[in-house]
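The structure appears below as structure tokens.
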Amino acid sequence: MNTASPVLPDISCHEAWFAAYAAREREKECRRDGGDPSPMDLKLHHTMQVLAHARAIVAGGGFPPPLDRACLLAALYHDVARFEQYLRWHTFRDRESCNHGQWGVRILKRERRLKDEDPAVRKLVLAAVGLHNRFALPAGLPEGMARICHAVRDADKLDILRVMDEHLSGPRPYCPTVVLSLPDDPALHSDKVLDDALAGRVASYADLKSVNDFRVLLGTWFYDMHFPASRARFVAEGHARRLLADLPATPAYAAARDHLLHCLDAALTIPEAPDGCLS
């Protein structure tokens, strides 16, 4: 029986370009009066972590060529627009600036980053970058395209959990850019977000009213993990558990917190817990 790890595609030339592009955009921010490049640094590190998660998902199987290469490239480029977005608007909130998925597609075309790739790879990468930040994927996507989109979205969510856990475990006040300028007020909560958590639905950014709602939303992402490697990392890395455990001990949050923690506990022994943790 061959148990060797699969050989993954080499995208080092793309990684080198991305690092140089990020450094160039960062330098523009540094030259501004009062410029703060730290959010851009977070996005660069986030990209590398998302790529690492995508490699683990691809290594788990089910991504024959050209899906394997397209998945890694889409993971690398999924947030390419974040640097220009921050330079122009000093926010990562799409509603206050631009759709960073669609803007990323424009940048990849403008920079001709995929001109040497196979047309099938190019089509898959552009689709995954453009769709990665949608609340839900459109129905009827071709199977391979949907698989890549799900892999990138899983990998993206897994690292956002890390970023939010690290930030919300630190001192207050929280950076407005990271917490989407939401108020850190334990008296504020969204009934819709809490109802979604209890019903096994992924909560929406549009319904957030506070930082604590954001914690709950992050926990609901467990319902949307599509691959065994994604689900395993979601639980094993512990970020969601810490985010949920730090919710205020108020009646408003108790039921959602306990239910989501139950789902994480169930996933330790039940591989398909996202579908069966509503008991």
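Leaving out same-chain residues fewer than 8 places away, which lysines sit with a Cα under 16 Å from that of Lys115?
Lys123
Given the alpha-carbon gyration tensor of the chain, what are the semi-axes of its equivalent ellipsoid in whole angstrom, ordered largest first, with each equal to the square root of 5 times an eigenvalue? Spell out each step's value before the answer.
Values: eigenvalues 180, 129, 49 Å².
Each semi-axis is the square root of five times an eigenvalue, giving 30, 25, 16 Å.
What lysines could a cross-link reach from Lys157, if we take a straight Cα to Cα line under 19 Å and drop same-chain neighbours fewer than 8 places away?
Counting by Cα, and skipping residues close in sequence, Lys157 has these lysines nearby: Lys43.
Counting alpha carbon pairs within less than 8 Å and at least 6 residues apart, what relative contact order, in whole percent, applies to the range 182-276?
Details: 120 pairs, mean separation 26.3, N = 95.
Rounded, it is 28 percent for the range 182-276.
Among Pro119, Pro171, Ala249, which residue has its Cα furthest toward the positive end of the charge dipole of the chain, with +1 on Lys/Arg Cβ and -1 on Asp/Glu Cβ?
Result: Pro119.
Which value at 222 nm does the chain reach when only helices count, each DSSP H run of 4 or more adding -39,500 (n - 2.57), with the total divided by all residues and rounded to the nearest 500 deg cm²/dmol? Before the final figure, lay out the partial values.
Values: 13 runs with 166 residues, N = 279.
Helix-only estimate at 222 nm: -19000 deg cm²/dmol.
Report the full-extension gain for the segment Arg242 to Glu111: residue separation times 0.36 nm, less the Cα-Cα distance, to one decimal in nm. It would help to have the intermediate numbers written out before the result.
Details: separation 131, 0.36 × 131 = 47.16 nm, distance 4.01 nm.
Contour length minus the Cα-Cα distance gives 43.2 nm.
Hey, what's the per residue convex hull volume over the C-alpha atoms of the range 128-279, in cubic angstrom?
Working: hull volume 16.9 nm³, N = 152.
Convex hull volume per residue, Cα atoms: 111 Å³.
Could you give the length gained by full extension between Leu87 and Asp36, i.e. 0.36 nm per residue of separation minus their alpha carbon distance, to one decimal place?
Numbers: separation 51, 0.36 × 51 = 18.36 nm, distance 0.99 nm.
Full extension from Leu87 to Asp36 adds 17.4 nm.
Let me have the relative contact order for the range 1-77, percent, based on Cα pairs under 8 Å that are six or more residues apart. Before the final figure, lay out each step's value.
Numbers: 42 pairs, mean separation 33.3, N = 77.
Taking the mean separation of contacting Cα pairs over the length of the range 1-77, I get 43 percent.
What three numbers, in Å, describe the spread of the alpha carbons of the range 17-168 along their principal axes, ordered from the longest?
48, 36, 26
In debye, nearest 20: dipole of the chain around its Cα centre with unit charges on the Cβ of K, R (+) and D, E (-)?
Details: 35 positive and 37 negative charges, 162 e Å.
Approximately 780 debye in magnitude.
Just to confirm the filter: which trypsin sites (Lys or Arg not before Pro) across the range 153-217 are DSSP coil and have at most 14 other Cβ within 10 angstrom of their Cβ?
Loop-located and lightly packed - Arg201.
Only the coordinates and a few stated rules stand behind these numbers; no lab work does. These numbers come from a predicted model, not from an experiment. Counting neighbours? That spans all protein chains shown, and the Cβs are built from the backbone with ideal geometry, glycine included.
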